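Q: Dumping the structure here so I can ask a few things about it.
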Amino acid sequence: MHLQLVVQRKWTSEEEYKEGLALVQLTPGPLAAQLGIFMGFIHYSTIGVTLTGLAFVLPSFVMVVLLGMAYKLYGGLPWM
């Protein structure tokens, strides 16, 4: 992430990246997702943190819901 965010695309400064990395290492959970959410907060405040949070959580949530629905509908079939 450092290579993409700081070096190549220059979306954030070295200091902001290090500050965010230090903060998200204190919290439990996936580091990359939390750092991405933190970068969204730094640059776009509340709307940034909301959109980046949804971008990380929503695809997994939708897949789990769809798989749960498929299991509920076809759970009795041998191939399921």
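Q: For the structure I just gave you, tell me whether Thr12 is of a type in the set (Ser, Thr, Tyr) and in a loop (DSSP other than H, G, I, E, B). Talk me through it step by step, then tell me what you get.
A: Working: of a type in the set (Ser, Thr, Tyr): yes; in a loop (DSSP other than H, G, I, E, B): yes.
For Thr12, the condition - of a type in the set (Ser, Thr, Tyr) and in a loop (DSSP other than H, G, I, E, B) - is met.
Q: Which members of segment 15-34 meet the condition of being in a helix (DSSP H, G or I) and either at positive phi or exposed (fewer than 10 other Cβ atoms within 10 Å of the Cβ) (or both)?
A: Here is the first cut: in segment 15-34, the residues in a helix (DSSP H, G or I) are 15-24, 31-34.
Across segment 15-34, the qualifying residues are Glu15, Ala22.
Q: Name the pairs: first residue in segment 52-77 and within 25 Å of Gln34 (Cβ to Cβ), second residue modelled with pLDDT under 95 and surrounded by 10 or more Cβ atoms within 10 Å (Cβ to Cβ), Cβ to Cβ under 7 Å, at least 6 apart or on different chains?
A: Thr52/Gly36; Thr52/Ile37; Thr52/Gly40; Gly53/Ile37; Phe56/Ala33; Phe56/Gly36; Phe56/Ile37
Q: Using beta carbons and a limit of 8 Å, which pairs, at least six apart or on different chains, have the first residue in segment 15-28 and β-branched (Val, Ile, Thr) and the second one surrounded by 10 or more Cβ atoms within 10 Å (Cβ to Cβ) and part of a helix (DSSP H, G or I)?
A: Val24/Leu31; Val24/Gln34; Val24/Leu35; Val24/Phe38; Thr27/Gln34
The values are calculated or read from the model by the stated rules, or taken from the named source; none is laboratory data. These numbers were taken from a predicted model, which means no experiment stands behind them. Please note: Cβ atoms are built from the backbone with ideal geometry, for glycine as well, and neighbour counts cover all protein chains shown.
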